[in-house]
Amino acid sequence: MSENLAVVAHAKGDLRVENAPEPAPAADEAVIEIAFGGVCGSDLHYWLHGAAGASVLKAPMVLGHEVVGTVLTSAADGSGPASGTTVAVHPNTPHGVDGVVWPEDRPNLAPGATYLGSALRFPHTEGAFVRRAALPTRMLRALPAGLSLRDAALAEPAAVAWHGIARAGDVRGKRVVVIGAGPIGLLVVAVALRAGAAEVVVTDIAEQPRSRALGLGAARVLDARDAETIATLAADVVVESSGTVPGLHAAVDAAVRGGIVVLLGLQRNGDIDFPAAQAITRELDLRGSFRFNDEIDDVLAALADGSLNVDGVVTHVLPAADALAAFAVAKDSAASGKVLLDFTAGAA
């Protein structure tokens, strides 16, 4: 058996590929042979800054929450899929906190939730950028017939995009503007078009991401610095996916009076500059969007039947043993879309 290769963030600027111990599954956990893992912005932040927002590394942590693989050993308690089943992973575990009220039908808002590869709590929640991982069977989603692991590798970030469009409501026949054409923004384009948007317009500062948006079916792309044109768009729905303050301003500018702005890109902690007067006088409906719930099931079905077009979102697939190089590629958002780690490469 090959080494149990893992991608571990130790501290700011310190990312290592190491040999992890073999998993010791609990009764309700299956051992998953990870095939692909998508590099997320939060993974990059742990590498570059030693933190992702309020989640600060206090000890070495295996990264990764966008993973797919095959059940190597099924759970001892009989739950979950059988050995040999290909699966996607839902990385959230909802937990309540005494005295904190939250809508229990929206587990993504559970105040004590943990997420694979997150340093928000200590001990940290280990991720799944590892060749063999023990994961609770409640996280596992069997892939529909005919859907490959490579194609399913976008299921988790696509579910984030699906949830964001769902927060906007019915987009059929509407003009949708997407601020930012990174991997999440591109997936928002794909989901919006599948949901029946009449027109999708995308902004980004770089040419290659704009080109990828056109390839997915965007009707028009704009340089994100073209504030004058963005302010004329009068979009029914704007999805801010850049997570930047300029993007937030552009989202308000691009919305029609009485329109909907979905705040999907995670802004930095603390106070930020926001055009509140403009949002008020236009009566804009501002809606937050955080992670997702069961949308991953809809995503998997849509990927399997071909109704969700994600061609071109993945731009690079590198061996997990070359994680440092892969993270460097993913860091260059102008030149890369979604970057996948291939955990099968070099495995015996």
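Rule-based calculations on the coordinates, nothing more; no lab input. What you see is a predicted model; the values in this text were computed from it and never measured. Neighbour counts run over all protein chains shown; Cβ positions are idealised from the backbone, glycine included.
How long are the three semi-axes of the equivalent ellipsoid of segment 1-146, in whole Å, if each is the root of 5 times an eigenvalue of the C-alpha gyration tensor, listed from largest down? Don't skip to the end; give the middle numbers.
On the way: eigenvalues 115, 92, 33 Å².
Gyration-tensor ellipsoid for segment 1-146: 24, 21, 13 Å.
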Starting from the Cα coordinates of segment 164-288, work out the convex hull volume and express it per residue in Å³.
89 Å³
Quick one: check the C-alpha center-to-center distance for segment 265-305 versus segment 152-213, whole angstrom.
12 Å
Ranked packing of 137-148, 313-324, most packed first, by mean Cβ within 10 Å:
313-324, 137-148
Partners for Lys12 among lysines (Cα-Cα distance below 16 Å; same-chain residues under 8 apart left out):
Lys58, Lys331
Quick shape check on segment 37-104: root eigenvalues a ≥ b ≥ c of the Cα gyration tensor, a/c under 1.5 is rounded, otherwise prolate if a/b tops b/c, else oblate, and it reads oblate
Given points 7 Å out from each Cα along the Cα-Cβ axis, report the Arg121 to Glu104 separation in nanometres with one decimal.
1.8 nm
In what sequence do Ile230, Ile280 fall when counting other Cβ within 10 Å, fewest first?
Ile280, Ile230
Sorting check: for 218-224, 59-65, 284-290, which peptide has the highest mean count of neighbouring beta carbons within 10 Å, and how do the rest follow?
59-65, 218-224, 284-290
Apply the a/c threshold of 1.5 to the C-alpha gyration tensor of segment 234-301 and tell me whether it is rounded, prolate or oblate.
oblate
Fewest to most neighbouring Cβ within 10 Å: what's the order for Ser55, Ser79?
Ser79, Ser55
I need to check one value: relative contact order of segment 1-125, counting alpha carbon pairs closer than 8 Å and at least 6 residues apart, in percent.
23 percent
Which of Arg257, Arg225, Arg210 has the fewest Cβ neighbours within 10 Å, and the rest in rising order
Arg257, Arg225, Arg210
Restricting to DSSP H runs of at least four residues, report the calculated mean residue ellipticity at 222 nm for the chain, -39500 (n - 2.57) per run over all residues, nearest 500 deg cm²/dmol.
-7000 deg cm²/dmol
Of all stretches in the chain that avoid GluC sites (Glu not before Pro) placed in a DSSP loop and having at most 10 other Cβ atoms within 10 Å, the longest is 105-282
Can you work out ³J(HN,Hα) from phi for every residue in segment 29-37, in order, using Karplus 6.51 cos²θ - 1.76 cosθ + 1.60 and θ = phi - 60°, giving whole Hz and x for Gly and Pro?
10, 9, 8, 10, 8, 5, 9, 9, x
Which of Ala133, Ala35, Ala279 fluctuates most in a GNM of the chain (C-alpha springs under 10 Å)? That residue is Ala279
Taking H placed 1.01 Å from N in the peptide plane, check which residues at least 5 places from Glu66 or on another chain put their amide H under 5 Å from its amide H.
Gly38
